[in-house]
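Here is the structure we will look at, set down as C-alpha coordinates.
The values are calculated or read from the model by the stated rules, or taken from the named source; none is laboratory data. Being a predicted model, the structure only gives us computed values, none of them experimental. Here the Cβ is made from the backbone with ideal geometry for all residues, glycine too, and neighbour counts use every protein chain on show. Calculation scope for accessible area: heavy atoms of the full protein, side chains included, ligands and nucleic acids excluded. Shrake-Rupley method; radii C 1.70, N 1.55, O 1.52, S 1.80 Å.
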Amino acid sequence: MPKKRNWVVWGAALFIAWHGLLLLFLWSRPSSSSSSSSSLTAEVIRLAQDAETELERQKNLLQQIHRYSHLWGQRRGVPDTPKPPPLAPSPPPPLLPEPSGAVLPVLVMACDRSTVRRCLDKLLRYRPSAQRFPLIVSQDCGHAETARVIASYGDAVAHIHQPDLAEIPVPPEHRKFQGYYKIARHYRWALGQVFHTFRYRAAIVVEDDLEVAPDFFEYFQAAFPLLLADPSLWCVSAWNDNGKEQMVDVAQAELLYRTDFFPGLGWLLLAELWEELEPKWPRAFWDDWMRQPEQRRGRSCIRPEVSRTMTFGRKGVSHGQFFDQYLKFIKLNDRFVPFTQLDLSYLKKDEYERSFLAKVYAAPEVRVEELQGNRRRELGTVRLQYSGRDSFKAFAKALGLMDDLKSGVPRAGYRGIVSFVYRGRRVYLAPPSDWTGYDPSWS
(Lines give C-alpha, C1' and ligand atoms only; values in the text may rest on other atoms or scores of the structure.)
Protein backbone atom coordinates (compact mmCIF):
# COMPACT_ATOMS: atom_id res chain seq x y z
CA MET A 1 0.00 0.00 0.00
CA PRO A 2 2.81 2.58 0.77
CA LYS A 3 4.38 1.77 -2.63
CA LYS A 4 1.10 2.56 -4.41
CA ARG A 5 0.74 5.86 -2.50
CA ASN A 6 4.30 6.94 -3.43
CA TRP A 7 3.64 6.36 -7.14
CA VAL A 8 0.52 8.53 -7.01
CA VAL A 9 2.34 11.36 -5.21
CA TRP A 10 5.32 11.31 -7.59
CA GLY A 11 3.04 11.21 -10.62
CA ALA A 12 1.04 14.20 -9.42
CA ALA A 13 4.19 16.15 -8.55
CA LEU A 14 5.64 15.62 -12.04
CA PHE A 15 2.31 16.62 -13.58
CA ILE A 16 2.22 19.93 -11.66
CA ALA A 17 5.92 20.66 -12.21
CA TRP A 18 5.66 20.20 -15.97
CA HIS A 19 2.68 22.46 -16.22
CA GLY A 20 4.40 25.02 -13.99
CA LEU A 21 7.36 25.15 -16.39
CA LEU A 22 4.97 25.50 -19.30
CA LEU A 23 3.25 28.40 -17.54
CA LEU A 24 6.60 30.12 -16.84
CA PHE A 25 7.57 29.70 -20.48
CA LEU A 26 4.33 31.25 -21.69
CA TRP A 27 4.63 34.21 -19.34
CA SER A 28 8.19 34.96 -20.41
CA ARG A 29 7.72 34.77 -24.20
CA PRO A 30 6.81 37.87 -26.25
CA SER A 31 3.12 38.27 -26.85
CA SER A 32 1.92 38.47 -30.43
CA SER A 33 -1.64 37.93 -29.54
CA SER A 34 -2.54 38.88 -25.98
CA SER A 35 -5.99 37.39 -26.15
CA SER A 36 -4.87 33.91 -27.28
CA SER A 37 -1.94 33.94 -24.83
CA SER A 38 -4.10 34.80 -21.84
CA SER A 39 -6.59 32.17 -22.95
CA LEU A 40 -3.87 29.52 -23.06
CA THR A 41 -2.54 30.69 -19.68
CA ALA A 42 -5.94 30.40 -18.11
CA GLU A 43 -6.31 26.88 -19.50
CA VAL A 44 -2.95 25.82 -18.04
CA ILE A 45 -3.87 27.28 -14.64
CA ARG A 46 -7.18 25.40 -14.72
CA LEU A 47 -5.39 22.14 -15.53
CA ALA A 48 -2.99 22.67 -12.65
CA GLN A 49 -5.87 23.29 -10.26
CA ASP A 50 -7.60 20.14 -11.52
CA ALA A 51 -4.40 18.19 -10.89
CA GLU A 52 -4.25 19.46 -7.31
CA THR A 53 -7.88 18.48 -6.78
CA GLU A 54 -7.23 14.99 -8.18
CA LEU A 55 -4.15 14.61 -5.97
CA GLU A 56 -6.19 15.46 -2.87
CA ARG A 57 -8.90 12.97 -3.91
CA GLN A 58 -6.29 10.22 -4.39
CA LYS A 59 -4.83 11.02 -0.97
CA ASN A 60 -8.22 10.64 0.72
CA LEU A 61 -8.90 7.42 -1.16
CA LEU A 62 -5.57 5.92 -0.07
CA GLN A 63 -6.27 6.85 3.55
CA GLN A 64 -9.63 5.05 3.38
CA ILE A 65 -8.08 1.94 1.79
CA HIS A 66 -5.41 1.84 4.48
CA ARG A 67 -7.99 2.20 7.27
CA TYR A 68 -10.30 -0.50 5.91
CA SER A 69 -7.46 -2.93 5.16
CA HIS A 70 -6.37 -2.58 8.81
CA LEU A 71 -9.92 -3.31 10.01
CA TRP A 72 -10.17 -6.28 7.63
CA GLY A 73 -6.94 -7.69 9.03
CA GLN A 74 -8.43 -7.46 12.53
CA ARG A 75 -11.63 -9.20 11.38
CA ARG A 76 -9.55 -12.10 10.10
CA GLY A 77 -7.64 -12.27 13.35
CA VAL A 78 -4.38 -11.63 11.44
CA PRO A 79 -1.56 -9.77 13.25
CA ASP A 80 -0.56 -6.41 11.69
CA THR A 81 3.17 -7.22 11.78
CA PRO A 82 4.78 -10.06 9.85
CA LYS A 83 6.20 -11.54 13.06
CA PRO A 84 3.86 -13.96 14.85
CA PRO A 85 2.66 -12.69 18.24
CA PRO A 86 4.57 -14.26 21.15
CA LEU A 87 2.13 -14.12 24.05
CA ALA A 88 -0.57 -11.57 23.21
CA PRO A 89 -2.62 -12.92 20.27
CA SER A 90 -4.63 -10.60 18.04
CA PRO A 91 -8.36 -10.27 18.74
CA PRO A 92 -10.42 -13.08 17.19
CA PRO A 93 -12.88 -12.46 14.34
CA PRO A 94 -16.46 -11.91 15.51
CA LEU A 95 -18.54 -15.06 15.81
CA LEU A 96 -21.52 -15.32 13.48
CA PRO A 97 -24.90 -16.30 14.92
CA GLU A 98 -25.64 -19.26 12.62
CA PRO A 99 -23.83 -22.54 13.40
CA SER A 100 -23.18 -23.03 9.67
CA GLY A 101 -21.29 -19.73 9.61
CA ALA A 102 -19.50 -19.97 12.95
CA VAL A 103 -15.78 -19.44 13.25
CA LEU A 104 -14.05 -22.75 14.07
CA PRO A 105 -10.37 -22.12 14.79
CA VAL A 106 -7.87 -24.93 14.40
CA LEU A 107 -5.50 -25.17 17.37
CA VAL A 108 -2.26 -26.92 16.37
CA MET A 109 -0.33 -28.27 19.36
CA ALA A 110 3.39 -28.11 18.55
CA CYS A 111 6.64 -28.76 20.39
CA ASP A 112 9.92 -29.83 18.81
CA ARG A 113 8.89 -31.34 15.48
CA SER A 114 10.04 -29.20 12.57
CA THR A 115 7.89 -31.55 10.45
CA VAL A 116 4.95 -29.45 11.65
CA ARG A 117 5.29 -28.00 8.14
CA ARG A 118 3.60 -31.10 6.74
CA CYS A 119 0.64 -30.56 9.05
CA LEU A 120 0.35 -26.82 8.34
CA ASP A 121 0.75 -27.20 4.58
CA LYS A 122 -2.23 -29.54 4.36
CA LEU A 123 -4.37 -27.42 6.68
CA LEU A 124 -3.69 -24.34 4.57
CA ARG A 125 -4.17 -26.25 1.33
CA TYR A 126 -7.62 -27.61 2.23
CA ARG A 127 -8.90 -24.71 4.33
CA PRO A 128 -11.91 -23.18 2.51
CA SER A 129 -11.83 -19.86 4.38
CA ALA A 130 -9.17 -18.08 6.43
CA GLN A 131 -11.85 -16.11 8.26
CA ARG A 132 -13.98 -19.15 9.13
CA PHE A 133 -11.03 -21.38 10.08
CA PRO A 134 -8.16 -19.32 11.55
CA LEU A 135 -5.04 -21.33 12.44
CA ILE A 136 -3.43 -20.95 15.87
CA VAL A 137 -0.16 -22.79 16.50
CA SER A 138 0.63 -23.15 20.20
CA GLN A 139 4.26 -24.12 20.74
CA ASP A 140 5.73 -25.68 23.85
CA CYS A 141 9.37 -26.73 24.41
CA GLY A 142 11.03 -23.57 23.05
CA HIS A 143 12.55 -25.51 20.12
CA ALA A 144 14.22 -22.92 17.88
CA GLU A 145 14.08 -24.79 14.57
CA THR A 146 10.38 -25.58 14.99
CA ALA A 147 9.74 -21.94 15.90
CA ARG A 148 11.47 -20.82 12.68
CA VAL A 149 9.34 -23.18 10.60
CA ILE A 150 6.13 -21.84 12.17
CA ALA A 151 7.30 -18.21 11.83
CA SER A 152 7.96 -18.79 8.12
CA TYR A 153 4.18 -18.88 7.56
CA GLY A 154 3.92 -15.23 8.60
CA ASP A 155 0.37 -13.94 8.87
CA ALA A 156 -1.15 -17.24 7.68
CA VAL A 157 -1.02 -18.54 11.27
CA ALA A 158 -1.05 -17.04 14.76
CA HIS A 159 1.97 -18.37 16.66
CA ILE A 160 1.62 -18.41 20.44
CA HIS A 161 4.19 -19.69 22.93
CA GLN A 162 3.54 -21.66 26.11
CA PRO A 163 5.45 -19.50 28.63
CA ASP A 164 6.21 -22.06 31.36
CA LEU A 165 9.02 -24.36 30.19
CA ALA A 166 10.18 -25.39 33.66
CA GLU A 167 10.57 -29.01 34.70
CA ILE A 168 7.53 -30.37 36.54
CA PRO A 169 7.98 -32.11 39.92
CA VAL A 170 6.68 -35.66 39.53
CA PRO A 171 6.61 -38.75 41.77
CA PRO A 172 9.82 -40.82 41.45
CA GLU A 173 7.95 -43.64 39.73
CA HIS A 174 6.71 -41.17 37.07
CA ARG A 175 10.10 -39.67 36.24
CA LYS A 176 10.08 -41.32 32.82
CA PHE A 177 6.63 -39.83 32.20
CA GLN A 178 7.75 -36.19 32.57
CA GLY A 179 6.74 -35.59 28.94
CA TYR A 180 3.11 -36.49 29.63
CA TYR A 181 3.01 -33.92 32.44
CA LYS A 182 4.33 -31.22 30.10
CA ILE A 183 1.79 -32.13 27.43
CA ALA A 184 -1.09 -31.83 29.91
CA ARG A 185 0.24 -28.45 31.08
CA HIS A 186 0.51 -27.27 27.48
CA TYR A 187 -3.04 -28.38 26.64
CA ARG A 188 -4.44 -26.55 29.64
CA TRP A 189 -2.64 -23.32 28.72
CA ALA A 190 -3.41 -23.49 24.99
CA LEU A 191 -7.11 -24.29 25.41
CA GLY A 192 -7.31 -21.49 27.96
CA GLN A 193 -5.92 -19.11 25.35
CA VAL A 194 -8.44 -20.24 22.74
CA PHE A 195 -11.48 -19.97 24.99
CA HIS A 196 -10.54 -17.20 27.45
CA THR A 197 -8.18 -14.92 25.49
CA PHE A 198 -9.50 -15.41 21.95
CA ARG A 199 -13.00 -16.18 23.29
CA TYR A 200 -13.99 -18.63 20.57
CA ARG A 201 -17.24 -20.60 20.71
CA ALA A 202 -15.58 -23.90 19.77
CA ALA A 203 -12.23 -25.20 18.53
CA ILE A 204 -10.75 -28.04 16.49
CA VAL A 205 -7.62 -29.46 18.14
CA VAL A 206 -4.89 -31.22 16.15
CA GLU A 207 -1.29 -32.13 16.94
CA ASP A 208 1.79 -31.29 14.92
CA ASP A 209 2.18 -34.84 13.57
CA LEU A 210 -1.26 -35.10 11.95
CA GLU A 211 -2.05 -34.83 8.26
CA VAL A 212 -5.64 -33.95 7.35
CA ALA A 213 -7.97 -35.18 4.59
CA PRO A 214 -9.35 -32.98 1.79
CA ASP A 215 -12.79 -32.84 3.49
CA PHE A 216 -11.45 -32.30 7.02
CA PHE A 217 -13.01 -28.83 7.32
CA GLU A 218 -16.23 -29.88 5.58
CA TYR A 219 -16.66 -32.71 8.09
CA PHE A 220 -16.31 -30.51 11.16
CA GLN A 221 -18.43 -27.74 9.70
CA ALA A 222 -21.29 -30.21 9.12
CA ALA A 223 -20.97 -31.92 12.51
CA PHE A 224 -20.75 -28.70 14.54
CA PRO A 225 -24.56 -28.09 14.62
CA LEU A 226 -25.03 -31.66 15.92
CA LEU A 227 -22.63 -31.00 18.75
CA LEU A 228 -24.52 -27.83 19.64
CA ALA A 229 -27.94 -29.47 19.53
CA ASP A 230 -27.35 -32.86 21.18
CA PRO A 231 -26.30 -32.75 24.88
CA SER A 232 -25.47 -36.48 24.72
CA LEU A 233 -22.47 -35.57 22.52
CA TRP A 234 -19.30 -33.98 23.86
CA CYS A 235 -16.93 -34.10 20.89
CA VAL A 236 -16.55 -34.73 17.19
CA SER A 237 -13.42 -36.64 16.18
CA ALA A 238 -11.75 -37.12 12.81
CA TRP A 239 -10.23 -40.43 13.93
CA ASN A 240 -11.22 -44.11 13.71
CA ASP A 241 -9.03 -46.19 16.05
CA ASN A 242 -9.66 -49.27 13.92
CA GLY A 243 -9.33 -47.38 10.64
CA LYS A 244 -6.72 -49.55 8.92
CA GLU A 245 -7.37 -49.69 5.19
CA GLN A 246 -8.48 -53.34 5.14
CA MET A 247 -10.86 -52.72 8.08
CA VAL A 248 -12.91 -49.86 6.62
CA ASP A 249 -15.28 -49.51 3.68
CA VAL A 250 -13.73 -46.77 1.55
CA ALA A 251 -16.82 -46.83 -0.67
CA GLN A 252 -18.80 -45.53 2.33
CA ALA A 253 -16.55 -42.63 3.23
CA GLU A 254 -19.66 -40.60 4.14
CA LEU A 255 -20.62 -43.04 6.95
CA LEU A 256 -20.40 -41.65 10.49
CA TYR A 257 -20.88 -43.28 13.90
CA ARG A 258 -21.43 -42.45 17.52
CA THR A 259 -18.71 -43.77 19.85
CA ASP A 260 -18.38 -43.89 23.64
CA PHE A 261 -14.59 -43.94 23.32
CA PHE A 262 -12.84 -40.54 23.23
CA PRO A 263 -10.72 -40.81 20.06
CA GLY A 264 -8.86 -37.47 20.02
CA LEU A 265 -6.40 -37.04 17.11
CA GLY A 266 -8.26 -34.17 15.50
CA TRP A 267 -11.32 -33.30 17.59
CA LEU A 268 -13.86 -30.54 18.06
CA LEU A 269 -15.05 -29.30 21.45
CA LEU A 270 -17.29 -26.48 22.68
CA ALA A 271 -16.30 -23.69 25.06
CA GLU A 272 -18.84 -25.04 27.56
CA LEU A 273 -16.99 -28.33 27.76
CA TRP A 274 -13.74 -26.53 28.52
CA GLU A 275 -15.46 -24.58 31.30
CA GLU A 276 -16.45 -27.95 32.77
CA LEU A 277 -13.06 -29.65 32.39
CA GLU A 278 -10.57 -26.86 33.07
CA PRO A 279 -11.02 -26.66 36.88
CA LYS A 280 -10.19 -30.35 37.27
CA TRP A 281 -7.74 -30.75 34.37
CA PRO A 282 -5.21 -33.52 35.17
CA ARG A 283 -1.46 -33.10 35.65
CA ALA A 284 -0.71 -35.90 33.14
CA PHE A 285 -2.25 -38.45 30.76
CA TRP A 286 -5.06 -36.07 29.83
CA ASP A 287 -6.53 -38.24 27.04
CA ASP A 288 -6.98 -41.32 29.24
CA TRP A 289 -8.39 -39.03 31.93
CA MET A 290 -10.99 -37.88 29.39
CA ARG A 291 -12.04 -41.52 28.98
CA GLN A 292 -12.92 -41.98 32.63
CA PRO A 293 -16.64 -42.16 33.55
CA GLU A 294 -16.35 -39.06 35.76
CA GLN A 295 -15.44 -36.94 32.74
CA ARG A 296 -17.38 -38.71 29.98
CA ARG A 297 -20.60 -38.80 32.02
CA GLY A 298 -22.32 -41.11 29.54
CA ARG A 299 -21.65 -38.80 26.58
CA SER A 300 -20.45 -39.86 23.14
CA CYS A 301 -18.42 -38.50 20.22
CA ILE A 302 -19.02 -38.59 16.48
CA ARG A 303 -16.36 -40.48 14.51
CA PRO A 304 -16.00 -41.43 10.82
CA GLU A 305 -15.81 -44.78 9.06
CA VAL A 306 -12.68 -43.53 7.25
CA SER A 307 -10.36 -41.30 9.24
CA ARG A 308 -9.99 -37.63 8.31
CA THR A 309 -6.55 -37.50 9.98
CA MET A 310 -3.49 -39.72 9.95
CA THR A 311 -0.38 -39.53 12.11
CA PHE A 312 3.13 -39.47 10.69
CA GLY A 313 4.84 -38.91 14.06
CA ARG A 314 6.47 -42.11 15.24
CA LYS A 315 8.84 -40.15 17.47
CA GLY A 316 7.21 -38.77 20.62
CA VAL A 317 6.73 -39.22 24.34
CA SER A 318 5.03 -42.57 23.74
CA HIS A 319 8.17 -43.85 21.92
CA GLY A 320 6.15 -45.17 19.01
CA GLN A 321 3.66 -47.16 21.09
CA PHE A 322 1.06 -48.65 18.71
CA PHE A 323 2.59 -46.78 15.74
CA ASP A 324 4.26 -49.72 13.99
CA GLN A 325 1.39 -52.11 14.69
CA TYR A 326 -1.63 -49.86 14.06
CA LEU A 327 -1.22 -46.14 13.54
CA LYS A 328 0.92 -46.08 10.43
CA PHE A 329 -1.68 -48.25 8.64
CA ILE A 330 -4.63 -45.92 9.25
CA LYS A 331 -6.37 -45.08 5.98
CA LEU A 332 -6.66 -41.33 5.35
CA ASN A 333 -9.76 -40.44 3.37
CA ASP A 334 -8.91 -39.16 -0.10
CA ARG A 335 -12.42 -38.58 -1.50
CA PHE A 336 -14.20 -35.31 -0.74
CA VAL A 337 -17.59 -35.90 0.87
CA PRO A 338 -20.00 -32.89 0.85
CA PHE A 339 -21.09 -33.44 4.45
CA THR A 340 -22.80 -30.06 4.72
CA GLN A 341 -25.25 -31.21 2.02
CA LEU A 342 -26.06 -34.50 3.78
CA ASP A 343 -28.72 -35.23 6.39
CA LEU A 344 -26.83 -36.18 9.56
CA SER A 345 -29.90 -36.37 11.80
CA TYR A 346 -29.46 -40.17 12.01
CA LEU A 347 -26.63 -39.47 14.48
CA LYS A 348 -28.95 -38.00 17.11
CA LYS A 349 -29.07 -40.31 20.10
CA ASP A 350 -32.63 -41.67 19.95
CA GLU A 351 -32.71 -42.16 16.20
CA TYR A 352 -29.22 -43.66 16.13
CA GLU A 353 -29.94 -46.22 18.82
CA ARG A 354 -33.21 -47.19 17.20
CA SER A 355 -31.65 -47.85 13.78
CA PHE A 356 -28.10 -48.90 14.70
CA LEU A 357 -29.00 -51.38 17.44
CA ALA A 358 -31.70 -52.96 15.26
CA LYS A 359 -29.18 -53.40 12.45
CA VAL A 360 -26.53 -54.92 14.75
CA TYR A 361 -28.75 -57.47 16.48
CA ALA A 362 -30.57 -58.40 13.28
CA ALA A 363 -27.24 -59.53 11.79
CA PRO A 364 -26.73 -63.31 11.95
CA GLU A 365 -24.25 -64.48 14.59
CA VAL A 366 -21.12 -66.35 13.52
CA ARG A 367 -18.13 -67.90 15.25
CA VAL A 368 -14.68 -66.34 15.03
CA GLU A 369 -13.37 -69.46 13.26
CA GLU A 370 -15.93 -68.94 10.51
CA LEU A 371 -14.80 -65.36 10.04
CA GLN A 372 -11.15 -66.30 9.93
CA GLY A 373 -11.88 -69.11 7.48
CA ASN A 374 -13.90 -66.71 5.32
CA ARG A 375 -16.89 -69.05 5.51
CA ARG A 376 -20.63 -68.31 5.29
CA ARG A 377 -20.07 -65.42 2.90
CA GLU A 378 -23.68 -65.63 1.81
CA LEU A 379 -24.74 -64.12 5.13
CA GLY A 380 -23.31 -60.71 4.28
CA THR A 381 -23.12 -58.51 7.39
CA VAL A 382 -22.58 -60.63 10.50
CA ARG A 383 -22.25 -60.33 14.28
CA LEU A 384 -19.62 -61.84 16.55
CA GLN A 385 -20.74 -61.90 20.17
CA TYR A 386 -18.43 -61.61 23.17
CA SER A 387 -19.44 -62.31 26.75
CA GLY A 388 -16.72 -60.69 28.84
CA ARG A 389 -13.39 -58.90 28.93
CA ASP A 390 -11.31 -61.93 28.03
CA SER A 391 -13.44 -62.97 25.08
CA PHE A 392 -13.48 -59.41 23.76
CA LYS A 393 -9.69 -59.18 23.88
CA ALA A 394 -9.25 -62.62 22.32
CA PHE A 395 -11.59 -61.80 19.41
CA ALA A 396 -10.04 -58.37 18.91
CA LYS A 397 -6.52 -59.80 18.72
CA ALA A 398 -7.62 -62.58 16.37
CA LEU A 399 -9.23 -60.10 13.97
CA GLY A 400 -6.60 -57.33 14.10
CA LEU A 401 -8.58 -54.79 16.15
CA MET A 402 -7.06 -52.67 18.88
CA ASP A 403 -7.81 -54.76 21.96
CA ASP A 404 -7.14 -52.32 24.82
CA LEU A 405 -10.03 -51.00 26.91
CA LYS A 406 -10.18 -47.68 28.76
CA SER A 407 -12.56 -47.68 31.72
CA GLY A 408 -14.13 -50.73 30.11
CA VAL A 409 -14.84 -48.97 26.79
CA PRO A 410 -13.44 -50.55 23.59
CA ARG A 411 -11.86 -48.30 21.01
CA ALA A 412 -14.44 -47.01 18.49
CA GLY A 413 -17.17 -48.80 20.46
CA TYR A 414 -20.75 -47.67 21.07
CA ARG A 415 -22.76 -49.50 23.73
CA GLY A 416 -19.96 -52.05 23.61
CA ILE A 417 -20.32 -52.58 19.82
CA VAL A 418 -17.34 -52.21 17.49
CA SER A 419 -18.14 -51.95 13.76
CA PHE A 420 -15.43 -52.86 11.24
CA VAL A 421 -14.76 -54.65 7.95
CA TYR A 422 -13.11 -58.07 7.88
CA ARG A 423 -12.19 -59.71 4.59
CA GLY A 424 -14.54 -57.45 2.71
CA ARG A 425 -17.68 -57.75 4.84
CA ARG A 426 -19.19 -55.79 7.69
CA VAL A 427 -18.76 -57.31 11.13
CA TYR A 428 -20.18 -56.16 14.47
CA LEU A 429 -18.21 -57.30 17.52
CA ALA A 430 -20.97 -56.93 20.11
CA PRO A 431 -22.02 -57.85 23.64
CA PRO A 432 -25.38 -59.60 24.24
CA SER A 433 -28.45 -57.54 23.40
CA ASP A 434 -29.29 -57.14 27.10
CA TRP A 435 -26.07 -55.14 27.67
CA THR A 436 -26.43 -52.94 30.75
CA GLY A 437 -23.31 -50.76 30.67
CA TYR A 438 -19.52 -50.66 30.80
CA ASP A 439 -17.53 -52.28 33.56
CA PRO A 440 -14.52 -50.06 34.44
CA SER A 441 -12.74 -53.09 35.92
CA TRP A 442 -12.23 -54.37 32.35
CA SER A 443 -9.43 -51.82 31.82
Could you list, in their original order, any pairs among K280/K328; K176/K244; K331/K406; K328/K397; K280/K393; K331/K393 whose Cα atoms are separated by more than 27 Å?
-> K280/K328; K176/K244; K280/K393
Loop chymotrypsin sites (Phe, Trp or Tyr not before Pro), the stretch 250-281 (other Cβ atoms within 10 Å of the site Cβ: 11 or fewer; DSSP) | none
Heavy atoms only, probe 1.4 angstrom, no DNA, RNA or ligands counted: give me K348, K182 ranked by accessible area, highest first.
-> K348, K182
Normalised by the number of residues in the stretch 174-317, what is the relative contact order in percent for Cα pairs under 8 Å and 6+ residues apart?
-> 40 percent
Row for the stretch 335-443, column shape: gyration tensor on C-alpha, a ≥ b ≥ c, rounded if a/c < 1.5 i.e. under 1.5, prolate if a/b over b/c, else oblate; value oblate
List every residue whose amide H lies under 5 Å from the amide H of L233, counting only residues 5 or more places away in sequence or on a different chain, with H placed 1.01 Å from N in the peptide plane.
-> S300
Whichever aspartates and glutamates have a C-alpha closer than 17 Å to that of K122, once near sequence neighbours (fewer than 8 apart) are set aside | D155, E207, D208, D209, E211, D215, E218, D334
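Taking the highest mean first, how do the peptides 140-149, 215-224 order by number of other beta carbon atoms within 10 angstrom per residue?
Values: 140-149: 16.1, 215-224: 23.4.
In descending order of packing, they fall as 215-224, 140-149.
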What does the charge count near I168 come to, summing +1 for each Lys or Arg and -1 for each Asp or Glu among other residues with Cβ under 15 Å from its Cβ?
-> +2
Taking a ≥ b ≥ c as the square roots of the eigenvalues of the Cα gyration tensor, with a/c under 1.5 meaning rounded and otherwise prolate when a/b exceeds b/c and oblate if not, the stretch 404-443 is oblate
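With a/c under 1.5 counting as rounded, go ahead and sort the stretch 172-330 into rounded, prolate or oblate using the C-alpha gyration tensor (a ≥ b ≥ c being the square roots of the eigenvalues; past the cut-off, prolate if a/b is larger than b/c, else oblate).
Numbers: a/c = 1.68, a/b = 1.10, b/c = 1.53.
It is oblate, given that a/c is not under 1.5 and a/b is not larger than b/c.
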Which value, in Å², gives the accessible area per residue of the stretch 106-331 when a 1.4 Å probe is used on the protein heavy atoms?
-> 38 Å²
Accessible area of the stretch 359-430 belonging to carbon and sulfur atoms, whole % at 1.4 Å probe | 43 percent
